[in-house]
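What follows is a short report on a single structure.
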Amino acid sequence: MTLAQVQIQQREGGTCEANNGFCPDWIADNLDRYVDPFLQHVFLTVTSVAIGFVIAFALALLAHRKRWLLPPLSASSQILYGIPSVALFLLLLPITGRGSVTGLIALVSYTLIFVFVNVTTGLDGVPKDSVDAARGMGLTERQLLWRVEVPLALPEIFAGLRIATTTTVGLAALAFFAGAGGLGEEITRDKGFQSNIAVAGGLAVLLALVLDLLILVVQRLMTPWRRAAM
């Protein structure tokens, strides 16, 4: 007997459950089943965004200094993002096997475009007057980058990070195709049952909102001059 059949039989005792409705009592009794999938979803999201940010940030800094690298790096990130997510998970399976590694590789590739584009856009948008003034004060190129350009580009950088994070929360729901778990596996395990979909989907939305809020708080802490200007 399949797991889905067992779950259906367990719900037959109540009208709401039997009709695949939204059942608060069932939700209250079964919240514990979402703990592990939720933690897996958090791990997939946070880890892939962190790795993707480091890679994309480093590539953006390199392209900012070596302008000839900008077109090929930008095109590469766009190509990766253009691959359908399910297809990428399945393409990686013969290479890296089922599990978190395959899920992370795919999710990292989707974060690159947002971070790379926003970092390069932010750096390019730094006022030339600020750059010239810093050079006039005797700052080296390294000092100019970390003391002037990167700080002034932070709002754009954080914008890219926020987009990458919320997007990854959604894409991580498909990571179960690679055997990486997450809330997507829970949703598909009991298709059509409104209570299950509402809880699993609601947890994904909540995770996206919480992570976005945390990033926004960090951004405000790291850009005090913007708060002073308000």
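With (1) at pLDDT 95 or above; (2) farther than 25 Å from SER76 by Cα; (3) small (Gly, Ala, Ser) as the list, and GLY160 as the residue in question, which single condition is left unmet?
(2)
Which of the residues spanning the range 68-124 are under 25 Å from PHE158 (Cβ atoms) and polar (S, T, N, Q)?
Within the range 68-124, SER74, SER76, SER77, GLN78, SER85, SER109, THR111, ASN118, THR120, THR121 meet the criteria.
Within the range 126-184, work out how many residues are among the small types (Gly, Ala, Ser) and closer than 30 Å to VAL199 by Cα. Walk me through it before giving the result.
First pass over the range 126-184, keeping only residues among the small types (Gly, Ala, Ser): 130, 133-134, 136, 138, 153, 159-160, 164, 170, 172-173, 175, 178-182, 184.
Narrowing the set further to residues that are closer than 30 Å to VAL199 by Cα leaves 159-160, 164, 170, 172-173, 175, 178-182, 184.
Qualifying residue count for the region: 13.
Name the single residue, out of those in the range 182-216 being assigned to a helix (DSSP H, G or I) and among the acidic types (Asp, Glu), that is nearest to the chain's Cα centre (by Cα).
Checked the range 182-216; the qualifying residue nearest to the chain's Cα centre (by Cα) is ASP212.
The values are calculated or read from the model by the stated rules, or taken from the named source; none is laboratory data. Remember, it's a predicted structure, so these values are computed and weren't measured experimentally. We place every Cβ from the backbone using ideal geometry, glycine too, and count neighbours over all the protein chains shown.
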